[in-house]
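Novice: Handing you this structure, nothing more for now.
Only the coordinates and a few stated rules stand behind these numbers; no lab work does. Just so it is clear, the structure is predicted and the values come from calculations on it, not from any experiment. Positions of Cβ are backbone-derived with ideal geometry, glycine not excepted, and every protein chain shown enters the neighbour counts.
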Amino acid sequence: MSSLTTTQISTANMIRKDIRAISSYEVADASGMIKLDAMENPFPLPAELRAEWAEDLSQVDINRYPDANMLELRTQIAQRDGVIPEQIILGNGSDEIIQMLLMATGKGTCMAPAPSFVMYSLVAKWLQRPFSTPPLGKDFSLDADQFLQACAREKVSMVFLACPNNPTGNMWPLETIKSICDLFNGLVVIDEAYGPFSSRAHTHLLSEKVMILRTFSKLGWAGLRLGYLLGSVSFVHELNKIRMPYNINSLTQASAKFLLRHDDLFQQQAKLICKERDRVRHELLALPRIHVFPSEANFLLLRVNDATAIFESLKSKGILIKSMHGADPSLEQCLRVTIGTESENDQFITAMRDILS
Ligand SMILES: *Cc1c(COP(=O)(O)O)cnc(C)c1O
């Protein structure tokens, strides 16, 4: 008994002190709830597609390692996105690519405006990489000049710009992004996780130093974990050296090849989600004591009087959203709600109406 305790203590001590000081990424238990917390596509795959998909999966040689090079899958994605396969590197979620980027680049400071996607600074912390987070302006606007000055002052080597941004939902003007791409002399990672719901892509900005991150998670395949980076052929060639061999498993590869042949369906669903987003925003704006920020993503950011109380009331009504209160000073009393199906959204609106009026 005592020797076991001693062993446990000494094992924990072998973990870096800064890692012992952080907590693991928490995911709320959503069982039995209307799940509007994680920016998932709310539509289940139609039954007839499931059968075809299962047929494809049943052909996978599960005793063999996956296709390591994935040229066929990268070609399918390249054709869809208007690039060449050599410009694409696939990741087990785009989170894995964020990790690859932070591992492969020098030790210089990274930067993302705050608030933004948490994984950038989180992975930087794991890798003991300095990370700077200058605050966004009023209504989560981004001032290119100020941002560039901060980059110069802090000798930044890589920046992350989520377009549209998470958790704010807004899209910074193209001129702002373009000017940062033109004038910053380090790597720029434009994260288009919410591209399917937004008014523009940034493919035309790709260069030796400008890269784009995309993912299928928000489009409808969150369970697969598949994301990718578009970059220059030479950058992708170098990054590929630190990609874990076989990082994309055979079932994900087979599923992605199948689902890409049905991309139309997911694009239609994305359109529907955008329509619903605009409807939900409109209906919420008619309620008292609420501010609804504009969004080009599949979620809305709300400011209310008492975020914690409203989050809890919704939860007691069986609706799970995400409280952003406390995540950043600018997110005080903010809630983030993912757009669901029409019926889920109706239930959310009704619940909000009950709570607020
Ligand atoms: C959800 C999200 C991602 C991560 O997506 P995965 O491919 O599921 O890892 C990346 N960037 C932003 C801004 C996101 O919101």
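Novice: How would you rank 281-288, 181-188, 159-166, 13-20, highest first, on the average number of other Cβ atoms within 10 Å across their residues?
Specialist: 159-166, 181-188, 281-288, 13-20
Novice: Let me ask something else about it. Once a ≥ b ≥ c are taken as the square roots of the eigenvalues of the Cα gyration tensor of the stretch 240-357, is the result rounded (a/c under 1.5), prolate (a/b larger than b/c) or oblate (a/b not larger than b/c)?
Specialist: Details: a/c = 2.56, a/b = 1.75, b/c = 1.46.
Because a/c hits 1.5 or more and a/b exceeds b/c, the stretch 240-357 counts as prolate.
Novice: Which of rounded, prolate, oblate describes the stretch 4-69, given a ≥ b ≥ c as roots of the alpha-carbon gyration tensor eigenvalues and a/c under 1.5 marking rounded, otherwise prolate only if a/b is larger than b/c? Spell out each step's value before the answer.
Specialist: On the way: a/c = 3.30, a/b = 1.64, b/c = 2.02.
Oblate.
Novice: Okay, next question. Taking K and R as +1 and D and E as -1, what net charge do the other residues with C-beta under 13 Å from the C-beta of Ser217 add up to?
Specialist: Here the count lands on -2.
Novice: Could you tell me which of rounded, prolate or oblate describes the stretch 91-141, using a ≥ b ≥ c as the square roots of the eigenvalues of the alpha-carbon gyration tensor, with rounded for a/c under 1.5 and, failing that, prolate when a/b is larger than b/c and oblate otherwise? Intermediate values should be presented prior to the final figure.
Specialist: Working: a/c = 2.73, a/b = 1.57, b/c = 1.74.
Taking the square roots of the gyration eigenvalues as a ≥ b ≥ c, the stretch 91-141 is oblate.
Novice: Using Cα pairs under 8 angstrom and six or more residues apart, how large is the relative contact order of the chain, in percent? Can you show the working numbers first?
Specialist: Working: 570 pairs, mean separation 77.1, N = 357.
In percent, rounded to a whole number, it is 22.
Novice: Under a straight-distance cross-link criterion of Cα-Cα below 16 Å, which lysines are reachable from Lys315, leaving out those fewer than 8 residues away in the same chain?
Specialist: Hits, sequence-local ones excluded: Lys35.
Novice: A further question on this structure: Quote the FRET efficiency, to the nearest 0.05, computed for His291 versus Leu265 with a Förster distance R0 of 30 Å and r equal to the Cβ-Cβ distance. The partial results should precede the final answer.
Specialist: Numbers: r = 34 Å, r/R0 = 1.15.
Computed FRET efficiency for His291 and Leu265: 0.30.
Novice: For the ranges 336-345, 240-249, what's the packing order if you count other beta-carbon atoms within 10 Å of each residue, average per peptide, and put the highest first? Intermediate values should be presented prior to the final figure.
Specialist: Working: 336-345: 20.5, 240-249: 14.4.
Output ranking for 336-345, 240-249: 336-345, 240-249.
Novice: If you don't mind, another one. Tally the DSSP beta bridges in the chain and give the antiparallel ones as a percent, rounded to 5.
Specialist: Values: 18 of 35 bridges.
Beta bridges within the chain, antiparallel portion: roughly 50 percent.
Novice: Determine by what factor the alpha-carbon radius of gyration of the chain differs from 2.2 N^0.38 Å, reporting the quotient. Each step should come with its number before you reach the end.
Specialist: Values: Rg = 21.4 Å, N = 357, 2.2 N^0.38 = 20.5 Å.
Taking N as the residue count of the chain, the ratio is 1.04.
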